[in-house]
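Undergrad: The structure is given below, and queries will be raised subsequently.
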């Protein structure tokens, strides 16, 4: 279970303090498929990265299975990310000089897994996202949808419990976006992942089983679908 | 996936930049290796020339009177006992003595000409005077065989095989000395003991030439030791010119190494600058790595490995280019023939290690900067 406890994230901007997250509290249960919606600048991505252990809050705390992740050292937090969190980005963020297969292996390399185990796990992850046949292509040789599938494979290759997706369909057409969402739903159902998707697309958010809306760093609406 | 794979792929993606960043480092290593190679070869060459110059020390009687000039050293008409030769071989630095060659000078009439007679030990003299080119053969010791200088040959119309009457003794000319441009061209060389008999100076010698075996022999010390061992002689070291040249080589090498150090610092600055811009260019990539679980150690490892590979490649390329350029330019511009067999091997690993270390030092700050990147800001960087 993920608990976001009265978290505030403040930025200095032009001498003024801006609250990206304003005393926000949110509980996310294991296996939830949560969609975070809201207009641009409402703090959706800030919340996502705070949950992922990438953004230290100005105030408040985030716990994952009762472990306060911001009380960990930065090294321990990196280990927490390696073992528990998978990230998916709007722009895919694949390394252009590596093949799809090698991109998927990166989290395992960072975790110190042996080359043979890396290869086996990467192969399995690519099969799960239906892209095994394109494993040895570089990102520039893949379509947007295929690149996002590689990004998802990279996100799940370490068998994390939490999958965080920041506008995963933002750079895709509607059809491909739907396919990606179907894939995320399937992975959520099959692997019992906790999935948190940031989106401003209501149709995409409809696919989640729980939806929260944010404005100005606060939760303004929450509903189960 | 290994760290090396990541680094190699990244470097090969940015070949131009990698090469540019290494140029300063390569130049510094080229300069260091060529300076070392050329100065080492110059030392060897000078060492060889020292041997060609003949004696390092000339031992003469302690006298003020002037009668016979021998090269730049003036020989008096007072002689030294031949037993002094054995005493010279007992000095503390005797291991540095390459050859000890006693000589007796005298004059004799031949027709209307006055000839300079030089008594010598042929096998010793030829060791000292490596530039001698004899048509014929050397005189046998204790024999009535002589060799004559080129001027004697032409003035007196003598050839190898001719007989020559000196005082009451008939000598057989067995060899003609090619022109040397020295007093040797005017001389008749014969075995020492034969000359002593002819000149009526048994067991006497005029001078003793001493050749030292090493490049950096303590010549002044050896000279003093000779004067201590043999009474009433003056031992004159004639190595000043060589030493001056050696010093010039050392000064040039020091200056070039100073220049190389400056280039090395500039090279390091180049590597640092390139790596800093690489950190800036790859800021999103660094953010992605961090989000996937990379900690500072992963980032340091990546940057250090990259700089090590750059340093290693620069070191190897610089060393090879340094050796090639010294072999090409040494003979052309400095008239120093480069023989790689004369060059010790240790500067090669030393130059490569220097390049790797310099590159690693240059990557410290960029790696630290990379580790301080805020991953979320990095991911939002356009």
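Just so it is clear, none of the values below were taken in a lab; they were calculated from the coordinates. All figures in this text were calculated on a predicted structure; none of them were measured in a lab. Note that each Cβ is placed from the backbone with ideal geometry, even for glycine, and that neighbours are counted across all protein chains shown.
Undergrad: If packing is taken as the mean number of other Cβ atoms within 10 Å per residue, what is the order of B:183-196, A:109-122, highest first? Provide the component values of the computation, followed by the final result.
TA: Values: B:183-196: 22.1, A:109-122: 16.1.
Highest to lowest by the protection proxy: B:183-196, A:109-122.
Undergrad: Can you give the Rg/Rh ratio of chain B, where Rg is from the C-alpha atoms and Rh is the Kirkwood radius?
TA: On the way: Rg = 33.4 Å, Rh = 25.9 Å.
Rounded to two decimals, Rg/Rh equals 1.29.
Undergrad: I want to verify a result. In a Gaussian network model of chain B, Cα cutoff 10 Å, which of these has the top mean-square fluctuation: B:100, B:336, B:328?
TA: B:328
Undergrad: Per DSSP H run of n ≥ 4, the term is -39500 (n - 2.57); total these for chain B, divide by its residue number, and report the mean residue ellipticity at 222 nm rounded to 500 deg cm²/dmol. Could you put the intermediate results ahead of the total?
TA: Details: 12 runs with 203 residues, N = 382.
-18000 deg cm²/dmol, from helical runs alone.
Undergrad: Please average, across the residues of B:370-377, the number of beta carbons from any other chain that are within 10 Å of each residue's own beta carbon, and give a whole number.
TA: Details: counts 0, 1, 0, 0, 3, 8, 9, 1.
Per-residue shielding by partner chains comes out at 3.
Undergrad: Which whole number gives the average count of other chain Cβ atoms within 10 Å of the Cβ atoms across peptide A:83-90? Please report the intermediate quantities before stating the final value.
TA: Details: counts 1, 1, 3, 3, 7, 0, 5, 1.
Shielding by partners across A:83-90 averages 3.
Undergrad: Can you tell me, using C-alpha contacts under 8 Å and at least 6 residues apart, the relative contact order of chain B as a whole percent? Before the final figure, lay out each step's value.
TA: Numbers: 656 pairs, mean separation 107.0, N = 382.
It rounds to 28 percent for chain B.
Undergrad: With N denoting the number of residues in the stretch B:282-382, provide Rg(C-alpha) divided by 2.2 N^0.38 Å, to two decimal places.
TA: Values: Rg = 20.3 Å, N = 101, 2.2 N^0.38 = 12.7 Å.
Here the Cα radius of gyration is 1.59 times the empirical estimate.
Undergrad: Let me have the 222 nm mean residue ellipticity of chain A computed from DSSP H runs of 4+ only, each contributing -39500 (n - 2.57), with the sum over all residues rounded to the nearest 500. Display every interim value, and only then the final one.
TA: Numbers: 7 runs with 79 residues, N = 225.
Helix contribution divided over all residues of chain A: -10500 deg cm²/dmol.
Undergrad: Measure nothing fancy, just the Cα-based angle from helix B:219-229's long axis to the longest principal axis of chain B, in degrees from 0 to 90, nearest 10.
TA: 40 degrees
Undergrad: Extending each Cα 7 Å along its Cβ direction at residue B:154 and residue B:232, get the distance between those two points in nm, one decimal.
TA: Between residue B:154 and residue B:232, the label points sit 4.1 nm apart.
Undergrad: Still on this structure: Can you tell me how much longer the chain between residue A:25 and residue A:189 gets when fully stretched, taken as 0.36 nm per residue apart minus their C-alpha distance, in nm with one decimal? Could you put the intermediate results ahead of the total?
TA: Details: separation 164, 0.36 × 164 = 59.04 nm, distance 2.59 nm.
Answer, rounded to one decimal: 56.4 nm.
Undergrad: Provide the gained length on full extension for the span residue B:332 to residue B:365, in nm with one decimal, where the gain is 0.36 nm per separating residue minus the Cα-Cα distance. Write down the numbers at each step before the final one.
TA: Values: separation 33, 0.36 × 33 = 11.88 nm, distance 4.24 nm.
Length gained between residue B:332 and residue B:365: 7.6 nm.
Undergrad: Ranked highest first by average number of other Cβ atoms within 10 Å, how do B:273-285, B:358-370 line up? The partial results should precede the final answer.
TA: Numbers: B:273-285: 18.3, B:358-370: 20.3.
Highest to lowest by the protection proxy: B:358-370, B:273-285.
Undergrad: Run the numbers on the stretch A:2-224 and let me know its relative contact order in percent, using alpha-carbon pairs under 8 Å that are six or more apart. Could you put the intermediate results ahead of the total?
TA: Details: 448 pairs, mean separation 66.4, N = 223.
It rounds to 30 percent for the stretch A:2-224.
Undergrad: Where does the stretch B:237-329 land on Rg(C-alpha)/(2.2 N^0.38 Å)?
TA: 1.75
Undergrad: Further question on the same structure: Pairs of alpha-carbon atoms within less than 8 angstrom and 6+ residues apart define the contacts here; what relative contact order does the stretch B:56-237 have, in percent?
TA: Relative contact order, the stretch B:56-237: 35 percent.
Undergrad: While we're here: Using a Förster distance of 22 angstrom, determine the FRET efficiency expected from the C-beta separation of residue A:114 and residue B:301, and round it to 0.05.
TA: 0.80
Undergrad: Another question, then. What share of Cα pairs, in percent, lie more than 37 angstrom apart in the protein assembly as shown? Please list the in-between numbers first.
TA: On the way: 107467 of 183921 pairs.
So the pairs more than 37 Å apart make up 58 percent of the total in the protein assembly as shown.
Undergrad: Rank-order A:87-93, B:319-325 by packing density, defined as the average count of other C-beta atoms within 10 Å over each peptide's residues, highest first.
TA: Numbers: A:87-93: 21.7, B:319-325: 19.6.
Answer by packing, highest mean first, reads A:87-93, B:319-325.
Undergrad: Related question: May I ask for the angle, rounded to the nearest 10°, between helix A:74-84 and the longest principal axis of chain A, with both axes built from Cα atoms and the value confined to 0 to 90°?
TA: Between helix and principal axis, roughly 60 degrees.
Undergrad: Quick check: the angle from helix A:144-156's long axis to the longest principal axis of chain A, C-alpha only, nearest 10 degrees?
TA: It is inclined by approximately 80 degrees.
Undergrad: Inside 10 Å of the C-beta atoms of B:294-300, what's the mean count of C-beta atoms belonging to other chains? Walk me through the intermediate numbers first.
TA: Numbers: counts 7, 10, 3, 2, 6, 0, 0.
Counting other chains' Cβ atoms within 10 Å and averaging over B:294-300 gives 4.
Undergrad: Report the dimensions of the stretch A:2-224 along its three principal axes from the alpha-carbon atoms, largest first, rounded to Å.
TA: Largest first, the stretch A:2-224 extends 48, 39, 36 Å along its Cα principal axes.
Undergrad: Once Rh for the stretch B:56-237 is found with the Kirkwood sum over Cα pairs, what is the Stokes-Einstein diffusion coefficient at 20 °C and 1.002 mPa s, in µm²/s? Write down the numbers at each step before the final one.
TA: Values: Rh = 16.7 Å.
It comes out at roughly 129 µm²/s.
Undergrad: Which residues in the stretch B:277-298 have a backbone N closer than 11 Å to a point placed 7 Å from the Cα of residue A:68 along the Cα-to-Cβ line?
TA: It comes to no residues whatsoever.
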